[in-house]
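Laboratory data are not the source of any read-out in this text; all were calculated from the coordinates shown. Predicted model only: the values in this text are computed from it and were never measured. All Cβ positions, even for glycine, are placed from backbone atoms using ideal geometry, and neighbour counts span all protein chains on display.
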Amino acid sequence: MKQKGILRWILKNLPVILAGAALFTIVIMETAQCIYRYTLSHTFNFVDDVAVVCFSWTIFAGAAAAYKAKLHYGLDVLINAIPVKHKAKYMVVLDTLVMLAFAYFFYYSVVLFANVGPKILMTTGIPYLWVDGGLVYGMLMMLIYSIEFLIDDIKKLKNNTDESKEGTKCAF
């Protein structure tokens with residue numbers, strides 16, 4: 001029973017875990033690279049390639065984690081300008097547009113991933129699929145979260161409509 005809880009927690013927080021692990025890897029490897037370069041006049045050839053892969057995963061998994069936590073501030077300015085009584089309707093429209101944008105981005109990230117071909121990173125031979133995989137994962141997670149947000153806002157809109165028929169105030 002305890003293992004199911006841990007597994008559920010890991011799956012729920014996977015974007016944060018992946019972004020954090022990738023960022024941690026970049027910092028440790030680049031720090032070691034710097035220390036070795038200036039103390040022993042030696043460098044590791046593979047560090048730059050691994051950093052490129054980790055950077056991709058840090059950016060896109062981190063963006064998905066921030067989107068899930070609603071930490072992207074760009075849309076907040078638009079939403080705060082909407083009158084409270086109309087906010088639920090506009091949120092559904094806005095969530096639909098954002099979901100469609102993420103569906104578009106996800107589709108083209110899969111196209112990019114599929115068309116990478118035999119491209120590899122130079123010093124390690126790591127397939128470039130690992131770099132583009134971060135993009136696909138991030139866009140998929142943001143699409144899933146946008147669908148969740150849309151469903152939640154449709155439920156809120158429905159509840160507000162039901163409440164307004166009864167003459168109660170909006171929950172927002």
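Worth a mention:
- Three semi-axes of the equivalent ellipsoid, region 1-160, Cα gyration tensor, whole Å, largest first: 38, 18, 16
- Between 0 and 90°, nearest 10: helix 47-68 axis offset from the chain longest Cα axis: 10 degrees
- Calculated [222 nm] ellipticity per residue, helices only, for the chain: -27000 deg cm²/dmol; basis is -39500 (n - 2.57) per DSSP H run with n ≥ 4, divided by all residues, nearest 500.
- Assuming charge only on the beta carbon of Lys and Arg (+1) and of Asp and Glu (-1), the dipole of the chain about its Cα centre is about 600 debye to the nearest 20.
- Start at zero, step by 5 Å, and the Cα-Cα distances of region 55-131 spread as 3, 12, 15, 20, 15, 11, 9, 7, 4, 3, 2, 0 percent across the bins.
- Note on the chain: with a GNM built from Cα contacts shorter than 10 Å, the maximum mean-square fluctuation among Tyr73, Tyr90, Tyr108 falls on Tyr73.
- Most mobile of Ala61, Ala21, Ala32 in a GNM of the chain (Cα contacts under 10 Å): Ala32
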